[in-house]
Amino acid sequence: MSDVVDEGFSGKRAAEIVGITYRQLDYWARTDLIRPSLTDATGSGSRRRYNYRNLLELKVVKNLLDAGIRLELVREVFSFIRDHLDEDITSLNLVISGSRSVLVQSGDELIDLLRKGQGVLNILPLGGVKEEVDTAIGEMYPEVSEVSLVAQA
């Protein structure tokens, strides 16, 4: 398994892989949206280290924001997932209806995240996130194999 994946990713590398600015990454960590799982900042000069799953979550946040979802709603979605589901976020689909979102786990199962409702307007499949992150890591670190990434998820 590659040392790069085992040791995690610095904040700078995580931001590059996901396609966000370091400033966004820093803000999301400081406001508890996505905290680094390997090493959190503990003061001036300390460095955050993100694991592979963190990269997937960061990419999901970026994709949701790019799709026009408000950061406040993204926070509520992640809070719900952490509190109520023991799932890999990339295995889910998020359905957006106005200011409401619904999580689709499987064919007919819907979990309303904010309140009961109908009127689905937009479906955001999150499964493609893994491939996007794997491709970015592979381009940045050619020595990292796909097998190494799968073991980290």
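The values are calculated or read from the model by the stated rules, or taken from the named source; none is laboratory data. Note that this is a predicted model, so its numbers are computed, not measured. Note that each Cβ is placed from the backbone with ideal geometry, even for glycine, and that neighbours are counted across all protein chains shown.
Looking at L114, L110, L103, L94, which is the one that is surrounded by 11 or more Cβ atoms within 10 Å (Cβ to Cβ) and either modelled with pLDDT of 70 or more or under 18 Å from V18 (Cβ atoms) (or both)?
Numbers: L114 fails: either modelled with pLDDT of 70 or more or under 18 Å from V18 (Cβ atoms) (or both); L110 fails: either modelled with pLDDT of 70 or more or under 18 Å from V18 (Cβ atoms) (or both); L103 fails: either modelled with pLDDT of 70 or more or under 18 Å from V18 (Cβ atoms) (or both).
The unique qualifying residue is L94.
Matching residues to (1) touching a Ser or Thr at 6+ places or on another chain (Cβ under 8 Å); (2) modelled with pLDDT of 75 or more:
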position	(1), (2)
R48	yes, yes
Y52	no, yes
V61	no, yes
G68	no, yes
E72	no, yes
E76	yes, yes
I81	no, yes
H84	no, no
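Scanning region 29-44 for residues that are of a type in the set (A, V, I, L, M) and modelled with pLDDT of 90 or more gives A29, L33, I34.
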